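See below for the structure under consideration.
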Amino acid sequence: MKTGSIVFEHTSQKSVSLEGIVQVTLEALKQGDFISALDQFNDEFAFIDHALELEFSAKDRVIEFFAERRRRFPEFERIDNIVMSGGNRIVSEWLLTATNCESFADSWKKVPICVRGASIVRIENGKITQWSDYYDQLQSGRYGLATWLTAWFDA
């Protein structure tokens with residue numbers, strides 16, 4: 001089984017500390033080390049998925065969210081391109097690819113997923129205080145992302 005991966009493109013040395021925090025977070029997520037990823041977050045923070053209209057401010061809920069996403073889509077790959085870094089914010093555009101298994105006529109069918117999006121990350125005093133993901137809600141709904149997340153979140 002292929003495990004998830006994250007690839008960085010066009011990373012400049014201009015804001016190594018801010019970019020480094022984001023890269024460490026994404027690398028920890030790739031490895032499934034959600035505790036290390038959340039160690040990069042401030043005690044008071046917001047993780048917002050605007051497409052799914054989800055917002056978390058408790059680390060244990062974000063860890064559950066990441067764990068469920070990894071369980072559901074173990075073959076994901078996220079390619080990040082940090083396009084802007086200034087002040088206390090980083091803007092990263094990304095492409096997420098994965099495979100979703102769906103039941104079809106008494107068998108399982110693999111459906112490819114490809115979603116483009118952007119993240120805006122605010123960092124204060126070396127910790128992430130807000131992480132906002134933006135992507136097309138309709139496109140993600142086509143792949144069933146909204147269905148499993150809503151079912152998981154309502155549980």
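Summary of values
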{"item": "Qualifying residues in the stretch 97-125 (those that are open to solvent by 40 Å² or more (accessible area, probe 1.4 Å) and within 25 Å of Asp39 (Cβ to Cβ)) - the one modelled with the lowest pLDDT", "result": "Asn125"}
{"item": "Residue among Glu53, Glu93 that alone is touching a residue at least 24 places away in the same chain (Cβ under 8 Å) and surrounded by fewer than 18 Cβ atoms within 10 Å (Cβ to Cβ)", "result": "Glu93"}
{"item": "Long-range neighbours under 6 Å by Cβ, at least six apart or interchain, first residue at negative phi within the stretch 107-134, second basic (Lys, Arg)", "result": "Arg122/Arg89; Thr129/Arg122; Gln130/Arg122"}
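The values are calculated or read from the model by the stated rules, or taken from the named source; none is laboratory data. These figures come from a predicted structure and were not determined experimentally. Don't worry about glycine lacking a Cβ; one is built from the backbone with ideal geometry, like all the others, and counts go over all protein chains shown. Heavy atoms of the whole protein, side chains included, go into the accessibility calculation; ligands, DNA and RNA do not. Shrake-Rupley method; radii C 1.70, N 1.55, O 1.52, S 1.80 Å.
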